[in-house]
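Q: One structure, as structure tokens, below. Some questions next.
The values are calculated or read from the model by the stated rules, or taken from the named source; none is laboratory data. Every value quoted in this text rests on a predicted model; they were computed, and no experiment measured them. Cβ: placed from backbone, ideal geometry, glycine included. Neighbour counts: every protein chain shown.
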Amino acid sequence: MHHFRYVKGQLNCESVPVATLVKKHGTPLYVYSQATLTDHFLKLDRALAPLNPLICFSVKANSSMAVLRTLALLGSGFDIVSEGELRRVLAAGGDSQTCVFAGVGKTEAEIAWALERGIYMFNAESEPELERINRLAARMKKVAPVSVRVNPNIDAHTHAKITTGTYANKFGIAFEAVEGVYARASKLKNLKLRGIQMHIGSQLTQVKPFELAVRKVAPLAQKLKAKYGLEAFSLGGGLGIIYEPALASGQPEWWQSKPAQGILTPETYAATLVPLLQPLGMKIIVEPGRFIAGNAGILVTRVEYVKQTGQKVFVIVDAAMNDLIRPAFYDSYHEIVPLTQRGGALISSDVVGPVCESGDYFCKDRRLPKVVEGDYLAILSAGAYGFVMASNYNSRALPAEVLVKGRLSAAVRYRQPLPRIWELETLPRWLKYSRVPELAR
């Protein structure tokens, strides 16, 4: 259930009118619902309860300390892909022993730091990585827990830039080669073969790709468990969310507690996979990110200008692709709604940002309510791969973030002061003490 609703014509996050947050914190502004984060985590945890799962939130989806703290208090583990993410988790009160470290390019420093903190396991993506982990563990007089990421060559039929489970992708080791990799890794004295891992892609909205992958990899996991004593099988993440709603009863379906027919839910996910996984007798790990955080956040933006060019209406807002890059990067859909409900005809509009790129848009030719300068819009489903992918492009400050719990709200990240953007930059002596005309010589 999502905790964003219109109340008396005003968009609320839980029991807080979003307009009051805008008045206090300005825009662009990310707003997160703690109740939604909690609800989504617990729904998945309960659905998979027969497996006693370890749910490792994918930190790359949303690394806000407040979000991580919320999930850590619920008992979440964490899926990390860098030393920085592990440091964030620990600072937020997460337990390193429930962290799994993924990614194809782990550096020596990152591996050593994670080994020192006693993470649950590394999800290794190549034999050179296994050799590096073994070498560092020997140097540190430790035994490193590892799993191998198997690439099952299952096409999840999702966006090309978030497909990860086919042989055309950089991730994992080909299914046919995995047994040989484990055989060779078993001879590396400073590795503990703890598990096996897979991840076939993101934003999957049907259970069939998961079923196909599990049916293919589970027998391999059983075989490797018998041979090397593996204890864990990680399914990766990938559970999708609703981005494109259908209007119903005056409220977008995005807000309805009952999901649209055919959409993947924790219940349908569990009903299909639990019977396949229970016989393995292994610790089952899942690594969701978007499913937990995606619909828990919105990006609020102010209308700066409404510009009509020929047949086009451009709604120019103060948020930009540097604040939320998904539409520019993936041509992805985000529902856009006004903070204040109004009647009247819908107008075909492009909602665009101020950045000097033609790709700086949030929607094109979308039928939206008429807006004027000074109005505010909410870009929905922005809780995953939103702020975490933000940048300072065009020397624009990073936006503020707010967390809401019931009637309470708090800034969990303050808007970046502009001078902070260049505070780590410096000038070499020959530029610092030169006069401008000298530069042309």
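Q: Go through the range 362-372 and count every residue that is free of Cβ contacts under 8 Å to residues at least 40 places away in the same chain, surrounded by 15 or more Cβ atoms within 10 Å (Cβ to Cβ) and not basic (Lys, Arg).
A: Result for the range 362-372: 2.
Q: For the subset of the range 135-158 comprising residues that are buried (at least 22 other Cβ atoms within 10 Å of the Cβ) and of a type in the set (Val, Ile, Thr), which member is modelled with the lowest pLDDT?
A: Across the range 135-158, the extreme among qualifying residues is 154.
Q: Output the number of residues of the range 275-310 satisfying the condition of being crowded, with 16+ Cβ neighbours inside 10 Å, more than 24 Å from the chain's Cα centre (by Cα) and more than 29 Å from residue 3 (Cα to Cα).
A: 4
Q: Checking the condition buried (at least 23 other Cβ atoms within 10 Å of the Cβ), among the hydroxyl-bearing types (Ser, Thr, Tyr) and under 16 Å from the mean Cα position of the chain (by Cα), which residue from 58, 82 passes?
A: The match here is 58.
Q: From the list 170, 187, pick out the single residue that is surrounded by fewer than 17 Cβ atoms within 10 Å (Cβ to Cβ), assigned to a loop (DSSP other than H, G, I, E, B), at pLDDT below 95 and basic (Lys, Arg).
A: Step by step, each of 170, 187 is checked, and only 170 is surrounded by fewer than 17 Cβ atoms within 10 Å (Cβ to Cβ), assigned to a loop (DSSP other than H, G, I, E, B), at pLDDT below 95 and basic (Lys, Arg).
Q: Right, something else. Among the candidates 92, 124, which residue alone is farther than 30 Å from residue 177 by Cβ, in contact with a Leu (Cβ under 6 Å, 6 or more places away or on another chain) and crowded, with 18+ Cβ neighbours inside 10 Å?
A: After applying the criteria, what remains is 92.
Q: Could you run through the range 297-336 and say how many residues are touching a residue at least 12 places away in the same chain (Cβ under 8 Å), out of contact with any helix residue (DSSP H, G or I) (no Cβ under 9 Å at 6 or more places or on another chain) and not in a strand (DSSP E or B)? Don't jump to the end; show me each part of the working.
A: Pass one, the range 297-336, residues touching a residue at least 12 places away in the same chain (Cβ under 8 Å): 297-306, 312-330, 332-336.
Then keep just the ones that are out of contact with any helix residue (DSSP H, G or I) (no Cβ under 9 Å at 6 or more places or on another chain); that gives 301, 303-306, 312-319, 327-328, 336.
So of that shortlist, the ones also not in a strand (DSSP E or B) come out as 318-319, 327-328.
Total meeting the criteria: 4.
So that you can scan it fast, the table gives a plain yes or no per residue for (1) aromatic (Phe, Trp, Tyr); (2) over 19 Å from residue 349 (Cα atoms); (3) modelled with pLDDT under 95:
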| site | (1), (2), (3) |
| --- | --- |
| 231 | no, yes, no |
| 262 | no, yes, yes |
| 275 | no, yes, no |
| 280 | no, yes, no |
| 320 | no, no, no |
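Q: What residue, among those in the range 345-361 that are surrounded by fewer than 21 Cβ atoms within 10 Å (Cβ to Cβ) and polar (S, T, N, Q), is modelled with the highest pLDDT?
A: Within the range 345-361, the match that is modelled with the highest pLDDT is 348.
Q: Looking at (1) within 17 Å of residue 387 (Cα to Cα); (2) in contact with a strand residue (DSSP E or B) (Cβ under 8 Å, 6 or more places away or on another chain); (3) aliphatic (A, V, I, L, M), which is the one condition that is false for residue 325?
A: Failed condition: (2).
Q: So, in the range 55-97, exactly how many residues are part of a helix (DSSP H, G or I), among the charged types (D, E, K, R) and free of Cβ contacts under 8 Å to residues at least 60 places away in the same chain?
A: Step one: of the range 55-97, the residues part of a helix (DSSP H, G or I) are 59-61, 65-73, 83-91, 96-97.
Imposing the further condition that a residue be among the charged types (D, E, K, R) reduces the set to 60, 69, 83, 85, 87-88.
When the remaining residues are screened for being free of Cβ contacts under 8 Å to residues at least 60 places away in the same chain, the result is 69, 83, 85, 87-88.
Final tally of qualifying residues: 5.
Q: Kindly check whether there is at least one residue in the range 392-407 that is more than 17 Å from residue 18 (Cα to Cα) and loosely packed, with under 10 Cβ neighbours inside 10 Å.
A: yes
Q: Please list, ordered by residue number, the strands (runs of 3 or more DSSP E) wholly in the range 362-441 having 3 or more residues that are modelled with pLDDT of 95 or more and out of contact with any Phe, Trp or Tyr (no Cβ under 9 Å at 6 or more places or on another chain).
A: 408-413
Q: Next question. Would you tally the residues in the range 103-153 being of a type outside the set (Gly, Ala, Ser), within 24 Å of residue 237 (Cα to Cα) and assigned to a loop (DSSP other than H, G, I, E, B)?
A: So the answer is 8.
Q: Something else about it: Checking residue 100 against (1) assigned to a helix (DSSP H, G or I); (2) in contact with a Phe, Trp or Tyr (Cβ under 6 Å, 6 or more places away or on another chain), only one condition comes out false. Which one?
A: Unmet for residue 100, out of (1) assigned to a helix (DSSP H, G or I); (2) in contact with a Phe, Trp or Tyr (Cβ under 6 Å, 6 or more places away or on another chain): (1).
Q: I'd like to verify a number: residues in the range 87-105 that are within 19 Å of residue 192 (Cβ to Cβ) and within 19 Å of the chain's Cα centre (by Cα), how many?
A: 5
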